[in-house]
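Down below is the structure, laid out as structure tokens.
The values are calculated or read from the model by the stated rules, or taken from the named source; none is laboratory data. These figures come from a predicted structure and were not determined experimentally. Here Cβ is always computed from backbone atoms with ideal geometry, including for glycine, and neighbour counts include all displayed protein chains. Heads up: the accessible areas ignore ligands, DNA and RNA and are worked out on the full protein's heavy atoms, side chains in. Shrake-Rupley method; radii C 1.70, N 1.55, O 1.52, S 1.80 Å.
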Amino acid sequence: MAEATTVPTTGRAWHLIARPAGWPTDADFALREEPVRAPRAGEVLVRNRYLSLDPYMRGRMNDAKSYTPPFRLDEPMTGDAVGEVLASEAEGFEPGDLVLHQLGWREFATLPARYATPLPAAGEVPVTAYLGVLGMTGLTAYVGLREIAKVREGDVVFVSGAGGAVGGVAGQLARLMGASRVIGSAGGEEKVRVLTEEFGFDAGLDYRAAPIGEQLAKAAPEGIDVYFDNVGGDHLEAAFDVLNLHGRVAICGLISAYNATAPQVAPRNLPLILGKRLRVEGFLVPDHADLRPTFLDEAGRWLAEGKLVHRETVTDGIEQAVDAFLGMMRGANTGKSLVRLDG
Ligand code: NAP
């Protein structure tokens, strides 16, 4: 089968070399040169172009039983990536094809072609969209609102982590699904400006400037019907306080706890779940892969019509990937966090 002219023999990959306690540090990771294997029958060799950085990766750094297995020490970490096929021993894949796959955190990857999703060559949608707004990120926002919170016409919706990848899309989708008012929270003045001026939120709350509970109560005098939670802790407590009777909560993520070394105290108002007959449901996007075609159809159309906008924070160079990951966990990103590798 077709073979590209330059196939490398080695490439760099990030290994986890120690399990972080609390916030990870540079000493927990190593960028190592390793052999690149030529593809065998049914496989492709891919040069990664973009790596996705996602908060769930922090959980995989712990040696704990969870919904995804821990990263193994002294091996390349994994994650979503978009790459270009360099060599192929698989039917239907040619050098130059762009694919979405899960062997991120490295420059080159050899994998069975069945684990590589072909992407459109070029077009109106940049390939990075398949890691963000049209990828796992966008699908997460869609599932949380459609399947879990079941957003209805006229709902007042609150989204936390709204300046980030999932939250920024969730706020916009909530509006497109009929919400009458969309409130978002994020850290810092500039992110809050993006919420209202670029993503079309009705109100943006800077949780670093004042307690989120006080701000949310003021922004939602009539209460909220839906809370899309990316943060947990004090944000979840604030939402329980203002949720209306029969309110719905989609627990998407609890990032305020991901680097915690002790159990969190908030939310302290759990009895409200009973009193207000709230429905609180956690979800994981891989369980909802069946919704992908409908999501791509609907969100793809909104994107093409300019009704859905997306932001990316792109860091250049594989050597910056760990710093970019830690930066994302601290809030340095607006929209989807990506690492771009040299082509
Ligand atoms: P992201 O929002 O782009 O980046 C993480 C953001 O979290 C940071 O930018 C930071 O923004 C915020 N943050 C960090 N610590 C915080 C704290 N203590 N309080 C409030 N905000 C804090 O990441 P993402 O990929 O879109 O993920 C967002 C959430 O969705 C995460 O909780 C993630 O685990 C979850 N998720 C769940 C699924 C699923 O299947 N359930 C799938 C994908 C993602 P600020 O500057 O605003 O602090």
Inset, instruction - Give the number of residues within the stretch 217-234 that are open to solvent by 10 Å² or more (accessible area, probe 1.4 Å) and within 12 Å of the ligand (Cβ to nearest atom). - result: 3
Inset, instruction - Say whether the condition of being in the same structural domain as E281 (by TED's automatic domain parsing), part of a strand (DSSP E or B) and within 13 Å of the ligand (Cβ to nearest atom) is met by at least one residue in the stretch 206-216. - result: yes
Legend entry - Some residue of the stretch 254-269 being under 20 Å from V151 (Cβ atoms) and surrounded by 15 or more Cβ atoms within 10 Å (Cβ to Cβ): no
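Condition check ((1) touching a strand residue (DSSP E or B) at 6+ places or on another chain (Cβ under 8 Å); (2) surrounded by 22 or more Cβ atoms within 10 Å (Cβ to Cβ); (3) over 21 Å from Q320 (Cα atoms)) across all residues:
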site: T10; (1), (2), (3): yes, no, no
site: H15; (1), (2), (3): yes, no, no
site: A41; (1), (2), (3): no, no, yes
site: L51; (1), (2), (3): yes, yes, no
site: P55; (1), (2), (3): no, no, no
site: N62; (1), (2), (3): no, no, yes
site: Y67; (1), (2), (3): no, no, yes
site: A90; (1), (2), (3): yes, no, yes
Inset, instruction - Tell me, yes or no, whether the stretch 235-249 has at least one residue that is within 17 Å of the chain's Cα centre (by Cα) and modelled with pLDDT of 95 or more. - result: no
Legend entry - Candidate set: the stretch 288-343, residues that are under 18 Å from the mean Cα position of the chain (by Cα) and acidic (D, E); chosen: the one nearest to L131 (Cα to Cα): E312
Inset, instruction - Tally the residues that are open to solvent by less than 10 Å² (accessible area, probe 1.4 Å), among the hydroxyl-bearing types (S, T, Y) and more than 12 Å from the ligand (Cβ to nearest atom), restricting the search to the stretch 162-190. - result: 0
Inset, instruction - Mind checking which helices (runs of 4 or more DSSP H) fall wholly inside the stretch 271-340 and carry at least 1 residues that are away from the ligand (no atom under 16 Å from the Cβ)? - result: 271-275, 292-304
Legend entry - Selection count, the stretch 141-155, where residues are touching a helix residue (DSSP H, G or I) at 6+ places or on another chain (Cβ under 9 Å) and either more than 12 Å from the ligand (Cβ to nearest atom) or open to solvent by 10 Å² or more (accessible area, probe 1.4 Å) (or both): 6
